[in-house]
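**Q** Got a structure for you, written out below as structure tokens; questions coming shortly.
The values are calculated or read from the model by the stated rules, or taken from the named source; none is laboratory data. Bear in mind the structure is a predicted one, so any value in this text is a computation, not a measurement. Cβ placement follows ideal geometry from the backbone for every residue including glycine, while neighbour counts extend to all protein chains displayed. Protein only, heavy atoms only, side chains kept; ligands, DNA and RNA dropped before computing areas. Shrake-Rupley method; radii C 1.70, N 1.55, O 1.52, S 1.80 Å.
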Amino acid sequence: ATGVNPTTPITVTFNMPMDPAGVEAATSLAATDGATIALDYKWQDENRVVVLTPSEMLPLETDFTLTVAASATSANGAATMPRDHTSSFSTVPFPAVIGTTPADGAVADVWQRGMSIEFASPMDDQTIQDQIIVSPDPGDFDYFFNEWEGSYSVYLDFELATQQEYTVTVPASAADPYGNALGEDYTFSFTSADYPPLASFNLPYQTAQLSTSFPTDVEVIHRNVSMLDVALYEVPVDSEIIFDPYQMNDQMPTG
């Protein structure tokens with residue numbers, strides 16, 4: 001496992017009742033630098049399960065190997081394990097920002113009304129909420145923590161069509177639950193999106209009827225388009241779209 005909480009107990013399950021003294025003598029937890037970690041043992045389920053709790057918080061961003069040596073004996077002393085059992089894991093890294101959405105220098109997608117900041121490890125909510133600085137100030141914004149992804153989402157009221165550039169600062173004081181802070185401000189910038197292009201006749205929905213007895217003006221609603229091509233086609237009297245307007249989108253011009 002990776003990203004393990006440094007205070008998480010380790011549970012070891014055996015296939016039969018074990019001799020606690022023999023198992024504890026055969027068990028060790030060591031870091032990659034060779035340092036061994038003292039453990040407290042709590043036996044459960046008629047000595048089939050033992051919960052190992054490090055006597056002090058494990059160092060962050062460190063690889064560990066738990067070993068239960070083959071010398072561990074069963075409760076009646078008649079059996080030992082056929083081989084050493086080893087299990088490796090690593091603890092959570094130190095606080096860091098590993099990604100943002102939008103990315104630094106990017107333009108937000110038109111549907112976005114905020115941003116998300118992904119951290120390398122779990123963070124202390126109290127050091128994040130209401131601590132992030134957004135410039136220019138967009139007013140009130142809400143926080144949401146995605147525990148599965150380890151990211152914080154911040155919802156802002158972006159003004160579309162202005163393509164405003166925002167600068168976001170995560171303060172150096174943002175910290176994990178163990179008191180380790182970022183140490184320096186993390187800053188990124190992005191630009192809010194413009195409205196998507198739009199072009200539409202300003203006519204009733206589905207089929208509209210216009211007179212041919214006098215000139216008729218038809219309004220066109222448009223946004224963020226530089227040119228409009230409009231063409232007039234004849235529709236056969238027996239065309240299905242006259243009787244079934246839902247087929248209008250599938251009707252190809254006849255000439």
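**Q** Evaluate the distance, in nm, between pseudo-label points positioned 7 Å from the Cα of residue 83 and of residue 5 along their respective Cα→Cβ axes.
**A** 3.3 nm
**Q** With every protein chain kept in the model, how would you rank 214, 119 by accessible area, 1.4 Å probe, largest at the top?
**A** 214, 119
**Q** Could you point to the label whose value was computed as semi-axes √(5λ) of the Cα gyration tensor in Å for the structure here, given (1) 27, 22, 21; (2) 34, 25, 15; (3) 66, 27, 13?
**A** Identified label for the calculated read-out: (3).
**Q** 7 Å from Cα along Cα→Cβ at both residue 98 and residue 162: what's the point-to-point distance in nm?
**A** Roughly 3.5 nm, to one decimal.
**Q** Counting only protein heavy atoms and a 1.4 Å probe, tell me what percentage of the chain's accessible area is made up of carbon and sulfur.
**A** 50 percent
**Q** Continuing with the same structure: Could you put 40, 130 in order of accessible surface area, largest first, with the 1.4 Å probe and the full protein assembly present?
**A** 130, 40
**Q** So, taking all protein chains as they sit and a 1.4 Å probe, how much accessible area belongs to residue 16, in Å² rounded to tens?
**A** Roll a 1.4 Å probe over it and residue 16 shows about 70 Å².
**Q** How far apart, in nm, are two points set 7 Å out from the Cα along the Cα-to-Cβ line at residue 63 and at residue 28?
**A** 1.8 nm
**Q** Moving on to the next point. Probe of 1.4 angstrom, ligands and nucleic acids ignored: what's the accessible area per residue over the range 6-109, in square angstrom?
**A** Dividing the accessible area of the range 6-109 by its residue count gives 54 Å².
**Q** Not counting ligands, DNA or RNA, and with a 1.4 Å probe, what is residue 230's accessible surface area in Å² rounded to the nearest 10?
**A** Rounded to the nearest 10, that gives 100 Å².
**Q** To continue, here is another question. Can you give the local net charge around residue 171? Use residues other than it whose beta-carbon is closer than 10 angstrom to its beta-carbon, Lys and Arg +1, Asp and Glu -1.
**A** -2
**Q** A further question on this structure: Multiply the residue gap between residue 173 and residue 203 by 0.36 nm, knock off their C-alpha separation, and tell me the result in nm, one decimal place.
**A** 5.1 nm
**Q** Calculate for the chain the 222 nm mean residue ellipticity that helices alone would give, adding -39,500 (n - 2.57) per DSSP H run of length 4 or more and normalising by residue count, nearest 500 deg cm²/dmol.
**A** Using -39500 (n - 2.57) per qualifying helix, the result is -1000 deg cm²/dmol.
**Q** Which of 82, 204, 196 ends up with the largest GNM mean-square fluctuation for the chain, with Cα atoms connected below 10 Å?
**A** Fluctuation is largest for 204.
**Q** Where does each of 132, 37, 98 land when they are ordered by accessible area, with a 1.4 Å probe and the largest first?
**A** Correct descending sequence by accessible area is 98, 37, 132.
**Q** Full-extension gain between residue 213 and residue 107, please, as 0.36 nm times their residue separation minus the C-alpha to C-alpha distance.
**A** Roughly 33.2 nm would be gained on extension.
**Q** Let me ask another. What is the extension gain from residue 51 to residue 227, computed as 0.36 nm multiplied by their sequence separation minus the C-alpha to C-alpha distance, in nm to one decimal?
**A** 56.2 nm
**Q** Tell me, what are the semi-axes, in whole angstrom and largest first, of the equivalent ellipsoid of the range 82-151 as set by the roots of 5 times the Cα gyration tensor eigenvalues?
**A** The answer is 34, 15, 10 Å, longest axis first.
**Q** Select from 224, 204, 115 the residue farthest towards the positive end of the dipole of the range 112-237; place +1 on Cβ of Lys and Arg, -1 on Cβ of Asp and Glu, and compute about the Cα centre.
**A** Ranked along the dipole, the leading option is 204.
**Q** Top mean-square fluctuation among 175, 79, 193, Gaussian network model of the chain, C-alpha springs under 10 Å?
**A** 79
**Q** What does the accessible area of residue 94 come to, in Å² to the nearest 10, when a probe of 1.4 Å is used?
**A** 100 Å²
**Q** Something else about it: What FRET efficiency do you get for residue 70 and residue 118 if R0 is 41 Å and r is their Cβ-Cβ distance, rounded to the nearest 0.05?
**A** The formula returns an efficiency of 0.45 here.
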